[in-house]
Amino acid sequence: MRLPLCTFRTLLFRRQTANQQRRGLSGAAMRLVQFRRQGDEGVIRVGVEQGEGSGVVDLKAFDPSMPSTVRELLELGDKGLECAQRALVSGQCVVERSNIHLLSPVLAPEKVVCVGMNYRDHCLEQNAPIPTEPIIFSKFPNAITGPYDDITLPSESQEVDWEVELAFVIGRRGKHIQEEEALSYVAGFTVANDVSARDWQMKRNGKQWLLGKTFDSFCPLGPALVTTDAVKDPHNLNVRCLVNGETVQSSNTDQMIFKTAALVAWVSKFVTLTPGDVFLTGTPPGVGVFRKPPVFLKKGDVVECQIDQIGSIINKVV
């Protein structure tokens, strides 16, 4: 039976929309990084990993017209990501991993949007009700640090805690984004540690969360921005945090109450989202403050946050 032309066009549009949702911005599976070459500390470069932990294609060396930061690359839209894909396929301009210092995949974003109480098992851990709408707070961009850089304990806090989180990065500008279109605004995913000073979050400053969340170095991020096409299902990923080699958090992103698309749609009701904006999507159970007795980070501790298909970040506490 032949379908009427209008019905066929409707089905084709829906299929194209679904494909766009699945493929993200560029339709290319990549791992974008920011780095500095050893001995060239003042210059930031954008790279594409040949594989997790492998050599990095220097994008500006491949094409001098390309920008020097991932945020600027995202602002170019598909043009920038398509160039990155060509660079990766070329196999040229490769820098060995031993010759680079890896930075956070996003530096100086306009916004760092965080979601509280977004894992069912984390709510159960503290006998808290399941939220009916996203609980949104923020970190200042100064909190962002590299995937292997140190976490600095502030003298103002004695209760610094860990929180492994799936993070995602906005790839294009939008406001009042519909949930069914929201994934097409996401450039990719990365690993975050929402380091938290619990005394400031829960006891001081009127129990507002901002100050306890935004000390310098309180947002290790990385190791790469993994484009949406390289992540099979962001809401079925194992998530772990280890402190000094001991697993303290272990869950799965299927426990998220509000998924990626819902968070993009919700936040875009209030603010315009721009390329490079970082979202931290919440943490699973196992944080130090709810242990009996509570456990907090001390100098010399090593915190590793791992998410399947994305990678791990390892930060020493100093």
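For region 191-312, which whole percent of the accessible surface, found with a 1.4 angstrom probe, sits on carbon and sulfur atoms?
Accessible surface attributable to carbon and sulfur in region 191-312 totals 52 percent.
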Worksheet item: At 222 nm, what helix-only mean residue ellipticity would the chain give, in deg cm²/dmol to the nearest 500, using -39500 (n - 2.57) for each DSSP H run of four or more?
Response: -5500 deg cm²/dmol
Item to complete: Name the most mobile residue of Arg120, Arg240, Arg291, meaning the one with the largest mean-square fluctuation, in a Gaussian network model of the chain with Cα contacts below 10 Å.
Response: Arg291
Discussion item. Accessible area per residue for the chain in Å², computed with a 1.4 Å probe and the full protein assembly in place, what is it?
Written reply: 44
Worksheet item: At q = 0.13, 0.18 Å⁻¹, what log₁₀ I(q)/I(0) does a Debye calculation on the Cα points of region 23-159 give, no solvent, two decimals?
Response: -0.71, -1.04
Response to the item:
A chain fully extended from Glu179 to Ala108 at 0.36 nm per residue, minus the present Cα-Cα distance, gains in nm 22.9 nm
Item to complete: Mind jotting down the distance between the C-alpha centroids of region 176-199 and region 124-161, whole Å?
Response: 14
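Classify region 192-317: rounded, prolate or oblate, from the alpha-carbon gyration tensor (a ≥ b ≥ c, eigenvalue square roots; a/c under 1.5 rounded; otherwise prolate if a/b is larger than b/c)?
oblate
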Worksheet item: What chymotrypsin sites (Phe, Trp or Tyr not before Pro) in region 220-318 are in a loop by DSSP, with at most 15 other Cβ atoms within 10 Å of the Cβ?
Response: Phe270
Practice prompt. Report relative contact order for the chain in percent, whole number only (criteria: Cα-Cα under 8 Å, sequence separation at least 6).
Written response: 23
Worksheet entry | P(r) of the chain over all Cα-Cα pairs, binned every 20 Å from zero, in whole percent | 33, 56, 10, 1
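Kindly provide the GluC sites (Glu not before Pro) of region 53-126 that DSSP labels as loop, not H, G, I, E or B, and whose Cβ sees at most 14 other Cβ atoms within 10 Å.
Glu96
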Practice prompt. Bin width 10 Å, alpha-carbon pairs only: give the P(r) of region 114-204 as whole percents, running from 0 to the bin holding the largest distance.
Written response: 12, 38, 34, 15, 1
Worksheet item: Hey, in the GNM for the chain with a 10 angstrom Cα cutoff, which one of Ser104, Ser65, Ser138 fluctuates hardest?
Response: Ser65
Response to the item:
For Lys299, the lysines lying under 19 Å Cα to Cα, once residues fewer than eight places off in the same chain are dropped, come out as Lys213, Lys316
Worksheet item: If the viscosity is 1.002 mPa s and the temperature 20 °C, what Stokes-Einstein diffusion coefficient in µm²/s follows for region 129-278 when Rh is the Kirkwood radius over Cα pairs?
Response: 130
Worksheet item: How big is the gap, in Å, between the Cα center of region 35-93 and the Cα center of region 264-292?
Response: 27
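The values are calculated or read from the model by the stated rules, or taken from the named source; none is laboratory data. As the structure is a prediction and not an experimental result, all values here were calculated from the model. Neighbour counts are summed over all protein chains in view; Cβ atoms, including those assigned to glycine, are modelled from backbone coordinates with ideal geometry. Ligands, DNA and RNA are stripped out before the accessible areas are found, and what is left, the full protein with its side chains, is counted by its heavy atoms. Shrake-Rupley method; radii C 1.70, N 1.55, O 1.52, S 1.80 Å.
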